[in-house]
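Visitor: I have a structure I would like to understand better, so I am pasting it below and will then ask my questions one at a time.
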Amino acid sequence: MDQIDVPCHFLCPISLQLMRDPVTVSTGITYDREDIEKWLFSLKNKTCPVTKQELITKDLTPNHNLRRLIQAWCTLNASFGIERIPTPKPLIDRAQIAKLLSDAKKSPLLQLKSLRRLRSITLESERNRSCLEEAGVVDFLVSILKADHNSTSAEIHSDGDEESEFTRASDEALNILYHLKISQRQLKNLVINDGDRFLESLLQILKHSSYQSRAYATMLFKSVFEVADPMHLMSIRPEMFVEIVRVLDDQISQQASKAALKLLVEICPWGRNRIKAVEGGAVSVLIELLLDASSDKRACELILAVLELLCGCADGRAELLKHGAGLAIVSKKILRVSHVASDKAVRILYSICRFSATSGVLQEMLQVGVVAKLCLVMQVNSNLKSKDRAREILKLHAKIWRNSVCIPANLMSSYPSS
């Protein structure tokens, strides 16, 4: 493709790549379907990318003439290694979706067959996902989850065949719900109309299902609680914290772990959720994750953000201090990950020093290098707020720390005067 000039009207104005399925919007501009659908449905834009005019409708009209010209051009230039673009599949419409939903109600076998077809449709395009949501597929999928997860854990695992677990209707429904990327409007309606039962279904999945289904349930929990009202956020059951912590402990996948961490950041500030998370074993699991050298920058930032929230309560601070590596690993992350991580770590130490500073804790902070690291923060070009907080910590316990042999001489000069 680099060795040949492609006619400019064959290129999508968004991606500047050869169009495979050209479609025209209401302003008369033609784009490749995949790119314009992402622009309209994923990014939620309402304007034409080229003209900046607001679109009267989001309907996309296939430009068959241009597609045939592109296909003919590809054929003529096959000697240059250019492959002929395939003719696009016919688009799904509401009538076809309605038939699939109707068939699914006739028998368990047809239900599973319909769900697999719906999954295939979901993965094809942004336009399909939007069409499925508008056709009421979300409510249908949620009804399957609610019906299926009223059973006990023993019943859920009554079939020992591992393959059968992945072919369950509920697993298929959950898979589709995740990949639909449900709109905020639909999520809010779901929470308002039947939020408790839906959340209970997701909780049962977290308790009893496969790693893959637990990952999808975690990411759906995150999406739901991002749009939930304060009453829902404050009434989250302790069991859910236990299961979210278990997702982190099992390290199902990086995506699931980050979703679980973001979920905890979202919900911990509300009501007694900090205490529920601590009682669910969050602190020790988070410290173990910090000790894992494979954690990437964003994961470290999220872990420290959750720990900072949990150290806002006495139980959280007690759990961190109870862990043999708690203070040391938090201190170690300062100046090693990012400015954000350093700020969160210093905030955690600030909470400890302000509210939980027994003589034993202060001695441990000297011995494991926390005080020396705080002195280093004073020396380097770090975040101003982090530096101010470090100065305050050092001043707070200057009588015990200032002349300690545990602080290297080159750092002692940075110790602030009272």
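The values are calculated or read from the model by the stated rules, or taken from the named source; none is laboratory data. The structure presented is a predicted model; accordingly, all values stated were derived computationally and were not measured. Here the Cβ positions follow ideal geometry from the backbone for every residue, glycine too, while neighbour counts run over all protein chains shown. Each accessible area value is taken on the protein alone, full model and side chains, heavy atoms only, with ligands, DNA and RNA left out. Shrake-Rupley method; radii C 1.70, N 1.55, O 1.52, S 1.80 Å.
Visitor: Could you grab me the full set of residues in segment 32-46 that are part of a helix (DSSP H, G or I), over 20 Å from PHE10 (Cβ atoms) and touching a helix residue (DSSP H, G or I) at 6+ places or on another chain (Cβ under 6 Å)?
Guide: Answer for segment 32-46, where residues must be part of a helix (DSSP H, G or I), over 20 Å from PHE10 (Cβ atoms) and touching a helix residue (DSSP H, G or I) at 6+ places or on another chain (Cβ under 6 Å): PHE41, SER42.
Visitor: Another question, then. Quickly run through segment 198-243 and pick out the residues that are of a type in the set (Ser, Thr, Tyr), surrounded by fewer than 17 Cβ atoms within 10 Å (Cβ to Cβ) and not in a helix (DSSP H, G or I).
Guide: Correct list: SER210, SER235.
Visitor: Report yes if GLN53 is more than 21 Å from GLU126 (Cα to Cα) and either more than 32 Å from the chain's Cα centre (by Cα) or of a type in the set (S, T, N, Q) (or both), otherwise no.
Guide: yes
Visitor: Now for a separate question. Within segment 50-62, how many residues turn out to be aliphatic (A, V, I, L, M) and either exposed (fewer than 12 other Cβ atoms within 10 Å of the Cβ) or part of a helix (DSSP H, G or I) (or both)?
Guide: 1
Visitor: Tell me, which helices (runs of 4 or more DSSP H) lie completely within segment 141-186 with 1 or more residues that are surrounded by fewer than 18 Cβ atoms within 10 Å (Cβ to Cβ), among the aliphatic types (A, V, I, L, M) and modelled with pLDDT under 60?
Guide: Result: 153-156.
Visitor: Could I ask something else about it? Test of understanding: among GLN53, GLN96, which residue is out of contact with any strand residue (DSSP E or B) (no Cβ under 8 Å at 6 or more places or on another chain) and within 25 Å of GLU37 (Cα to Cα)?
Guide: GLN96
Visitor: For a quick check of your reading: which helices (runs of 4 or more DSSP H) sit entirely within segment 254-320 and have at least 1 residues that are within 20 Å of LYS333 (Cα to Cα), touching a residue at least 24 places away in the same chain (Cβ under 8 Å) and within 18 Å of the chain's Cα centre (by Cα)?
Guide: Result: 254-267, 282-291, 297-310.
Visitor: Further question on the same structure: Pairs needed: first member in segment 79-93, in contact (Cβ under 8 Å) with a residue 60 or more places away in the chain; second member anywhere, part of a loop (DSSP other than H, G, I, E, B) and β-branched (Val, Ile, Thr); C-beta distance under 8 Å; at least 6 residues apart or different chains.
Guide: Within 8 Å, the pairs are PHE80/ILE4; ILE82/ILE4.
Visitor: Being crowded, with 20+ Cβ neighbours inside 10 Å and either among the polar types (S, T, N, Q) or touching a helix residue (DSSP H, G or I) at 6+ places or on another chain (Cβ under 8 Å) (or both) is the requirement here; does LEU374 meet it?
Guide: Answer is yes for this residue.
Visitor: Of all residues in segment 63-116, count the ones that are within 30 Å of LEU141 (Cβ to Cβ), open to solvent by less than 50 Å² (accessible area, probe 1.4 Å) and outside any helix (DSSP H, G or I).
Guide: Here the count works out to 3.
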